[in-house]
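Report on one structure; see the data block that follows.
The values are calculated or read from the model by the stated rules, or taken from the named source; none is laboratory data. As the structure is a prediction and not an experimental result, all values here were calculated from the model. Positions of Cβ are backbone-derived with ideal geometry, glycine not excepted, and every protein chain shown enters the neighbour counts. Surface accessibility is based on the protein's heavy atoms, side chains included, excluding ligands, DNA and RNA. Shrake-Rupley method; radii C 1.70, N 1.55, O 1.52, S 1.80 Å.
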Amino acid sequence: KNPIAQSPLETAKIITYLALGDSYTIGESVAEDERWPVQLATQLRRNGHLVQHPKIVAKTGWTTDELSVAITEETLSDSYDLVSLLIGVNNQYRGRDAEEFRLQYNDLLDTALKYAGNNPEQVFVLSIPDWGAMPFAENRDQKIIAKEIDLFNQIKKEETLKRGILFLDITPISRKARQDETLVATDQLHPSGEMYSEWVKEVLPQIVDLIK
């Protein structure tokens, strides 16, 4: 009846996505299409959501304060429909103070919220993976590493939930690397694309709910 009626695809909203983090978000030692934010965007598209390729601000080795500085130096849009944050492993790795982490992590939550138009329902946080489960750490005290990672994650969870932001716990998946070498990247320290796929499978239903 209306020859110029738009198809559903043309009227659907294009979703923008900003991913903030460290080596886990940039996907150290995996191909670009194996990075978890990229895999997540791909899976969301398969679910019928028009998600743009993620804008990633992440670098191997970054701590909370280094990520904060880097964000200020990036050219970013004013706001994004989805913002993810995965940070903290390098604070633990460098022996940085847990309460200092709490303060700096809160600053990053403020920043993530700002880029999500101050809507907590457009932000989600992933827990810190346990690098102590990787072959790289076999000569380290893996129990102490696990305990410290759990402490940092407890802080993350408390501060995230206080703001009504979604907290997703992928740490148990990271610990499967002890039994399954397919989950380990070639550098013996970082997750493989396969592990990132496991993360995405775990978080996808809740991200789909956020988008709705």
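Some observations on this one:
- Scope region 150-196; condition over 15 Å from the mean Cα position of the chain (by Cα), open to solvent by 50 Å² or more (accessible area, probe 1.4 Å), closer than 19 Å to Asn90 by Cα and charged (D, E, K, R); matching residues: Asp150, Arg175, Asp187
- Single unsatisfied condition, Arg102 versus (1) under 25 Å from Ile14 (Cα atoms); (2) part of a helix (DSSP H, G or I); (3) touching a residue at least 12 places away in the same chain (Cβ under 8 Å); (4) open to solvent by 30 Å² or more (accessible area, probe 1.4 Å): (1)
- Test: Leu151 is of a type in the set (A, V, I, L, M), modelled with pLDDT under 95 and either touching a Gly at 6+ places or on another chain (Cβ under 6 Å) or part of a helix (DSSP H, G or I) (or both): no
- The condition (being touching a helix residue (DSSP H, G or I) at 6+ places or on another chain (Cβ under 9 Å) and at pLDDT below 95) is satisfied by just one residue among Ile207, Ile211: Ile211.
- Evaluating Tyr80 against the criteria (1) touching a residue at least 40 places away in the same chain (Cβ under 8 Å); (2) not β-branched (Val, Ile, Thr); (3) not in a loop (DSSP other than H, G, I, E, B) leaves one unmet condition, (3).
- So Leu44, is it over 11 Å from the mean Cα position of the chain (by Cα) and either open to solvent by 50 Å² or more (accessible area, probe 1.4 Å) or under 15 Å from Leu204 (Cα atoms) (or both): yes
- Restricting attention to region 126-140, the residues that are open to solvent by 60 Å² or more (accessible area, probe 1.4 Å) and in contact with a helix residue (DSSP H, G or I) (Cβ under 8 Å, 6 or more places away or on another chain) add up to 1.
- Residue within region 189-210 that is more than 29 Å from Thr16 (Cα to Cα) and of a type in the set (S, T, N, Q) present: no
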